[in-house]
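What follows is calculated from the coordinates using simple rules that are stated; it is not laboratory data. Because the structure is predicted, anything quoted here is derived from the model rather than measured. Neighbour counts are summed over all protein chains in view; Cβ atoms, including those assigned to glycine, are modelled from backbone coordinates with ideal geometry.
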């Protein structure tokens, strides 16, 4: 009963912090509540037994993102959104919110160190049924396939959010002849490396995200060298590439739910084929999205 009560209070606290961060009286309060929200979410992950997600949320979601938000807030013109307090008082106020949450997080993670992990043994036991020979790929595309699908959705939302910021004109200077020459050599090598990383992901670290990042670096290199035309969101094939990874993943989920044993529960005879299909299309989708984020031409959001 005590644990249920604690979890209920924690859930209500999370909702309250989220509401306060969105509707705070000033930006400083909102950022402070956002950091507390990240720490509360990390505590919830710890309560669920996901120590890796708890640490990632505390370090990145609350810590790094909080620092970036405070840095951006400090560069805002005018002190209207900052409380009337000295720097010492601001630090004390932040510590009064953050330190109790950190103490609760440590207390939530401490019992996990005494638990014997069963997941590695279970993955090894059922690895032959996943269609791949590397446990990380098996987890990402079998046991936690929904996480990978949502990561593609987050990347798409990041691209759409960047477009909402308005036009981002990219005026390129005349590239050096040496840069053009090296780009012609390096770009094909990056394509080969991306293909190898994608193929290698079935039996070793690698996969769609790493391969897509390599392909995107090749596109950025060629664009900065003036060897490829402008990348525009209005170009239909480029839109299809961006949406392709998410759409194929959702299509496989619907197909397995309709014809198979459940959402993203692959048929035993087609597991490897479906994983290769998802990974291949996702690689192109990730490469297109990252390329647009880095060297995409700014356009009117209505286009």
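Projecting label points 7 angstrom from Cα along Cα→Cβ for residue 157 and residue 70 puts them 2.6 nm apart. Note on the range 1-74 and the range 234-251: Cα centroid distance 33 Å, given to the nearest whole angstrom.
What full-extension length gain, to one decimal in nm, is calculated for residue 136 and residue 122 as 0.36 nm per residue of separation minus the Cα-Cα distance?
Numbers: separation 14, 0.36 × 14 = 5.04 nm, distance 1.28 nm.
The residue 136-residue 122 span can extend by a further 3.8 nm.
Here the label points at residue 50 and residue 250, each 7 Å from Cα along the C-beta direction, are separated by 2.1 nm in the simple model. Modelled spin-label separation between residue 268 and residue 4, with each label point placed 7 Å from Cα along the Cα-to-Cβ direction: 4.0 nm.
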